[in-house]
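**Student:** Below is the structure I would like to discuss, written out as structure tokens.
Since every read-out is calculated from the coordinates, none of them should be taken as a lab result. No experiment lies behind these values; they were computed from the predicted model shown. We place every Cβ from the backbone using ideal geometry, glycine too, and count neighbours over all the protein chains shown.
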Amino acid sequence: MKEFMTGNHAVAQAVKLCRTPLIAAYPITPQTPIYEKLSEWEATGVLKGIMMRTESEHSAMASCIAASLTGVRTFTATSSQGLALMHEMLHFAAGCRTPVVMANVNRIIAAPWGFWADHLDSLSQRDTGWIQFYCENGQEAMDSVIQAYKISEQVYLPAMVNLEAFLVSHFMEPVEIPDQDAVDHFLPPLDLPHKFDVEKPGFLMTVVSSELYRKYRHMAQVSMDSVKDVAVRVDREFKDVFGRGYGIVEPIAMEDAEVVIVTAGSITSTARLAIRSLREQGHSVGLLKIRLFRPFPNEALQQVLAGKKKIAVIDRNNSMGSGGIFCQELKAALVHSEDRPYIYNYIAGVGGTDVNPEVIQRIALDAMERSEPMDQPMWIMEE
């Protein structure tokens, strides 16, 4: 069944389809419509669960952690400053190995204040131990929430599904809503092996020695490393059931590409149009979409980019003192590549500024003309 809806409401639909019994709520623009729709369903009895109205995002995440440790599926959503306020609890969620799923509507971090799309809020949390997905549109956001539960509940790590402010969160488009019975079959009830059990009392988050802490962190790292294979398998299973799959990366027109454009999120949709136009003009340009950011899909990227000599990474973010974060990660993944490609970084769309097809074509042509490395990122200012 298809319905015309926003990306935010697509996320809410996914939470309802996953039969999530505990949702911790604190509103922040532009994520608020997710909670509004879930609250509406709770009030009318459509949502068979409990919504906790908390006093802050910090408390919302603390509530999800506590509820998850009792063995129930949990959800929260946030954005920008709210995600920053959660920072301490994000570490606790990963450290307690709770499969919490959160939607983050990517919004610029103050100051100055603003409400527009920018990936820096979630990328600032890349070291907290959370799985991170970046979604191109509302359909992918819905499907990624469902997949995120299945992945998280196998590796016992929390997952963050990111969709961009307004460009995805408020944009309306036809979205295919999965059948409830099919979702129930795809995502069985949560059975957490380390949940609280009054018959088997124990301690959680005790003070440990240096050696035990190191061992525990290594175990978590091994689990995070396994996410790539689990995510590929879950996406394949999802496609078998629902007819849609995304992979952890998506290559488009890569076979003969002299220049590869690398994107994440909504810029990908515009880039699809841009490379089509470039190819009609006779330019061999390919596109690579990164969907899974944490863990970073090194092996998949190395395989897809083998033999490529010029790569242009478009970042809707900037790490002050360095450059675009997706570009940093890609350079690290390809540092030992025998092809020794030139990897160019273009900062575009920061603050929610428009990245239209002409901007992407200009980036591709600029990379095509370069014959030397470019150590510093290029800011695209005339958007």
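**Student:** Let a ≥ b ≥ c be the square roots of the eigenvalues of the Cα gyration tensor of the range 213-334; is it rounded (a/c under 1.5), or, if not, prolate (a/b larger than b/c) or oblate?
**Tutor:** Oblate shape, in that a/c is at least 1.5 and b/c is the bigger or equal ratio.
**Student:** May I ask for the angle, rounded to the nearest 10°, between helix 138-155 and the longest principal axis of the chain, with both axes built from Cα atoms and the value confined to 0 to 90°?
**Tutor:** It is inclined by approximately 60 degrees.
**Student:** Follow-up. When a/c is below 1.5 the answer is rounded, else prolate if a/b is larger than b/c, else oblate, so apply that to the range 1-84 with a ≥ b ≥ c taken from the square roots of the Cα gyration tensor eigenvalues. Before the final figure, lay out each step's value.
**Tutor:** Working: a/c = 1.87, a/b = 1.20, b/c = 1.56.
Verdict is oblate for the range 1-84.
**Student:** How much length would be gained if the chain were fully extended between PHE115 and ASN356, taking 0.36 nm per residue of separation minus their Cα-Cα distance, in nm to one decimal?
**Tutor:** Working: separation 241, 0.36 × 241 = 86.76 nm, distance 1.95 nm.
Answer, rounded to one decimal: 84.8 nm.
**Student:** Can I ask one more? Of the listed values [x] 27.5, 94; [y] 20.7, 70; [z] 20.2, 63, identify the label whose number matches Rg and Dmax of the Cα atoms in Å calculated from this model.
**Tutor:** Recomputing Rg and Dmax of the Cα atoms in Å here picks out [y].
**Student:** Now for a different question. If you line up the long axis of helix 357-369 against the longest principal axis of the chain, both from Cα atoms, how many degrees apart are they, to the nearest 10?
**Tutor:** It is inclined by approximately 60 degrees.
**Student:** How charged is the neighbourhood of LYS309? Take every other residue with its Cβ under 13 Å from the Cβ of LYS309, and add Lys/Arg as +1 and Asp/Glu as -1. If you can, show how the numbers build up before the last one.
**Tutor:** On the way: positive: LYS308, LYS310, ARG340, ARG370; negative: ASP256, GLU258, GLU338, ASP339, GLU372.
Local charge sum for LYS309: -1.
**Student:** Karplus couplings for the range 90-97 from phi (6.51 cos²θ - 1.76 cosθ + 1.60, θ = phi - 60°), rounded to Hz, Gly and Pro as x?
**Tutor:** Listing the rounded values in order: 4, 5, 5, 4, 6, x, 7, 6 Hz.
**Student:** Counting only residues 5 or more places away or on other chains, whose amide H sits under 5 Å from the amide H of ARG97 once H atoms are built in the peptide plane?
**Tutor:** HN-HN under 5 Å from ARG97: empty list.
**Student:** Could you work out how far helix 57-68 tilts from the main Cα principal axis of the chain, as a 0 to 90 degree angle to the nearest 10?
**Tutor:** 60 degrees
**Student:** Rounded to the nearest 500, what is the chain's calculated 222 nm mean residue ellipticity when only DSSP H runs of at least 4 contribute -39500 (n - 2.57) each, over all residues? Mind dumping the intermediate values first?
**Tutor:** Values: 13 runs with 155 residues, N = 383.
That calculation yields -12500 deg cm²/dmol at 222 nm.
**Student:** Show me 93-100, 236-243, 5-12, 124-131 ranked by packing, highest mean number of other Cβ atoms within 10 Å first. Don't skip to the end; give the middle numbers.
**Tutor:** Values: 93-100: 22.2, 236-243: 13.5, 5-12: 27.0, 124-131: 18.6.
Top of the packing list down: 5-12, 93-100, 124-131, 236-243.
**Student:** Let me ask something else. Residue separation times 0.36 nm, minus the C-alpha to C-alpha distance between GLU280 and HIS87: what's the value?
**Tutor:** Working: separation 193, 0.36 × 193 = 69.48 nm, distance 4.64 nm.
Stretched out fully, the GLU280 to HIS87 stretch lengthens by 64.8 nm.
**Student:** Could the peptides 188-195, 280-287 be put in order, highest first, of the mean number of other beta-carbon atoms found within 10 Å of their residues?
**Tutor:** Working: 188-195: 12.2, 280-287: 16.6.
Put in order of decreasing packing, that is 280-287, 188-195.
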